[in-house]
Amino acid sequence: MTSPQATTELLKEGDKAPAFDLPAFVGSQAAGNIKLADFTGKKNVILAFYPKDDTPGCTKEMCAFSEDLAKFEELHTQPLGISCDNVDSHGKFAGKYSLKQPLLADVGGVTGKAYGTVIEGKATANRVTFVIDKSGVVRKVIEGMPTNADLLELVKTLA
């Protein structure tokens, strides 16, 4: 199955990850803005674009990140969910499923366009996960839904 056509070209491994500064919801509260720069030099980032809050595939993916959050944190890695939904939608979604990782609100899809995930003519993104190292370089691009086991093995190699 092919993904719908994105508005821009998908980033590739080795590309510098575009900066972002987006409103976020963490746990049970709005958390102000989160920037990629917040993690530079400190943590790897798993930036997981997903189509829409509270839909079956997206719920499965975000719940899996939440369940394994401590394992990612042990490896100095921060999972971030990101969609074109707003912070209120993220709040309801996070509350309903007790999600612990930050959910970024890319309303308008500016960040999604920079990463090449926003679907042309729609206010949604393809499901794509970017593994970004501590220096801000994209190390892996995974279209579709990766397993956390695979992601954990990958981030172990980033040190």
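The values are calculated or read from the model by the stated rules, or taken from the named source; none is laboratory data. No experiment lies behind these values; they were computed from the predicted model shown. We place every Cβ from the backbone using ideal geometry, glycine too, and count neighbours over all the protein chains shown.
How many residues does region 15-29 hold that are part of a loop (DSSP other than H, G, I, E, B) and touching a Pro at 6+ places or on another chain (Cβ under 8 Å)? Qualifying residue count for the region: 0. When each of GLY108, GLY91, GLY112 is tested for being more than 19 Å from ALA70 (Cα to Cα) and in a loop (DSSP other than H, G, I, E, B), the lone residue that passes is GLY108. Apart from one condition, ASP85 fits all of (1) touching a strand residue (DSSP E or B) at 6+ places or on another chain (Cβ under 8 Å); (2) touching a residue at least 40 places away in the same chain (Cβ under 8 Å); the exception is (2). Condition first: surrounded by fewer than 21 Cβ atoms within 10 Å (Cβ to Cβ) and of a type in the set (S, T, N, Q). Can you find one or more residues in region 97-115 that meet it? Yes, there is a match, as at least one residue in region 97-115 is surrounded by fewer than 21 Cβ atoms within 10 Å (Cβ to Cβ) and of a type in the set (S, T, N, Q).
Can we say GLY32 is under 25 Å from LYS96 (Cα atoms), outside any loop (DSSP other than H, G, I, E, B) and free of Cβ contacts under 8 Å to residues at least 24 places away in the same chain? Judged against the criteria, GLY32 is a match.
Scanning region 130-141 for residues that are in contact with a helix residue (DSSP H, G or I) (Cβ under 8 Å, 6 or more places away or on another chain) and either among the aromatic types (Phe, Trp, Tyr) or surrounded by fewer than 20 Cβ atoms within 10 Å (Cβ to Cβ) (or both) returns PHE130, GLY136, ARG139, LYS140.
Within region 121-128, is even one residue closer than 27 Å to GLU153 by Cβ, part of a strand (DSSP E or B) and at pLDDT 95 or above? Taking every residue of region 121-128 in turn, at least one turns out to be closer than 27 Å to GLU153 by Cβ, part of a strand (DSSP E or B) and at pLDDT 95 or above. Return a yes/no flag: does region 78-89 have any residue that is acidic (Asp, Glu) and surrounded by fewer than 20 Cβ atoms within 10 Å (Cβ to Cβ). Yes, the conditions are met somewhere in region 78-89.
Yes/no per residue for (1) more than 12 Å from the chain's Cα centre (by Cα); (2) more than 24 Å from THR147 (Cα to Cα):
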site: LYS12; (1), (2): yes, no
site: PHE20; (1), (2): no, yes
site: PHE25; (1), (2): yes, no
site: GLN29; (1), (2): yes, yes
site: ILE46; (1), (2): no, no
site: THR59; (1), (2): yes, no
site: MET62; (1), (2): no, no
